[in-house]
Structure formats: C-alpha cells, structure tokens
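*Asks:* One structure coming up, written as structure tokens, with questions to follow.
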C-alpha cells in the first residue's frame with residue numbers, strides 16, 4: 001500500500017486514502033492511533049480490540065456503492081509508513 005492522503009480520524013484510528021501497489025486499486029486504510037496500542041501492537045484499552053473487530057464484521061456485511069469493501073484486518077506493523 002502507498003498512502004496518498006489523510007482522510008480523517010476517529011476515536012482510536014486515522015483513515016488514509018491509499019493505492020494497492022500490485023493492481024492500482026484505491027483503498028481506505030485505518031491505522032490505530034499512537035497510544036491506542038502498546039509496543040507489541042496490543043490494544044491499551046481492553047475494549048478497543050473488541051470494538052475494532054465489531055467494526056470490521058459490520059463493514060464485511062455492508063453492500064453500498066458509497067463505501068469501500070472491507071478487505072482485511074492487518075496487524076499494526078503492516079501500516080508502518082502510512083502515518
């Protein structure tokens with residue numbers, strides 16, 4: 001992924017517009033904010049992990065031309081270089 005621009009920020013994450021390098025598809029990438037995870041990438045707030053998984057599960061069920069399709073929940077180390 002290659003970040004293009006910062007789109008916004010929520011309670012525990014920032015969203016970036018990015019391009020998937022192999023095929024050029026546009027994507028929205030949500031990264032957890034500094035302080036939301038510890039040095040091992042584990043959520044500091046015990047409910048944050050559950051909330052993030054609920055958000056991802058909801059996005060997987062949504063079928064709308066106004067939203068990007070949810071693709072993958074990746075570990076924080078994969079988002080390095082975006083922020």
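Read-outs: derived from the displayed coordinates by stated rules, not from any lab. Given the structure is predicted, the values throughout are model-derived calculations rather than measurements. Quick reminder, even Gly has a Cβ in these numbers, built from the backbone with ideal geometry, and neighbours come from all protein chains shown.
*Asks:* Taking square-rooted eigenvalues a ≥ b ≥ c of the alpha carbon gyration tensor, is segment 2-66 rounded, prolate or oblate, where a/c under 1.5 means rounded and, failing that, a/b exceeding b/c means prolate?
*Replies:* Oblate is the answer for segment 2-66, as a/c is 1.5 or above yet b/c matches or exceeds a/b.
*Asks:* I would also like to ask the following. If R0 is 25 Å, what FRET efficiency do you get for residue 44 and residue 20 from their C-beta distance, rounded to 0.05? Write down the numbers at each step before the final one.
*Replies:* Numbers: r = 29 Å, r/R0 = 1.17.
After rounding, the FRET efficiency stands at 0.30.
*Asks:* How do 20-26, 61-67 rank on mean C-beta neighbours within 10 Å, highest first?
*Replies:* Details: 20-26: 9.4, 61-67: 7.3.
Highest-to-lowest ranking by the protection proxy: 20-26, 61-67.
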